[in-house]
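Asker: Let me begin by handing over the structure; questions about it come next.
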Amino acid sequence: MISISLGYGPAIAAALVWYKYDLFFAVAALLIGYIIFGIIRSKLRNSVIPVRQQEHQYSDTEIASWYVARRLCPDYDDDISI
C-alpha cells in the first residue's frame, strides 16, 4: 500500500482533480504532486535506511519494505543488509 501510494499518488491526485475541476488544474496538481511525493519519498528513505546504505538507489517498493522492517517489525536488526 505504501509503495503504490508513493508510485501512483501524483497520478491519482491529478486524475481526481481533473474529474472535479479542469485539465489545467490537473496538470498543476500532477507537478505539485511529484514534488510533494518526492519529498515524502526522500524523507522516508533517509529515516529508515541505514546511513552506510543510502548511496544506493532504491525503488518505491524497496523503500516501503525498509519502512515496514524498521517501523513495524519489533525484532529488526540494523546490521542486516538487503
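Quick note: the coordinates plus some simple rules give every number you see, no bench work behind them. Just so it is clear, the model here is predicted, and its values are computed rather than measured. As a convention, Cβ positions derive from the backbone with ideal geometry for all residues, glycine included, and neighbour counts pool all protein chains shown.
Asker: To the nearest 10 degrees, how steep is helix 23-48 against the longest Cα principal axis of the chain, on a 0 to 90 scale?
Answerer: 10
Asker: Let me ask something else about it. Taking the Cβ of each residue in 3, 59 as the centre, tally the other Cβ atoms inside 10 Å and list the residues starting with the fewest. All intermediate terms of the calculation are to be shown ahead of the outcome.
Answerer: Working: 3 16, 59 12.
In increasing order of surrounding Cβ atoms, one gets 59, 3.
Asker: Evaluate the relative contact order of the chain (contact order divided by residue number), counting alpha-carbon pairs under 8 angstrom at least 6 apart; express in whole percent.
Answerer: Values: 52 pairs, mean separation 24.4, N = 82.
Averaging sequence separation for qualifying contacts and normalising by length gives 30 percent for the chain.
Asker: Next question. Quick one: 37, 25, fewest Cβ neighbours within 10 Å first, how do they rank?
Answerer: Lowest count first: 25, 37.
Asker: Here is a further query. Regarding the chain, what are the three Cα extents along the principal axes, ordered largest first, in Å?
Answerer: Principal extents (Cα only, largest first): 50, 23, 14 Å.
Asker: Further question on the same structure: With each run of n ≥ 4 DSSP H residues scored as -39500 (n - 2.57), what mean residue ellipticity at 222 nm is computed for the chain after dividing by its residue count and rounding to the nearest 500 deg cm²/dmol? All intermediate terms of the calculation are to be shown ahead of the outcome.
Answerer: Details: 3 runs with 57 residues, N = 82.
Taken over the chain, the calculation gives -23500 deg cm²/dmol.
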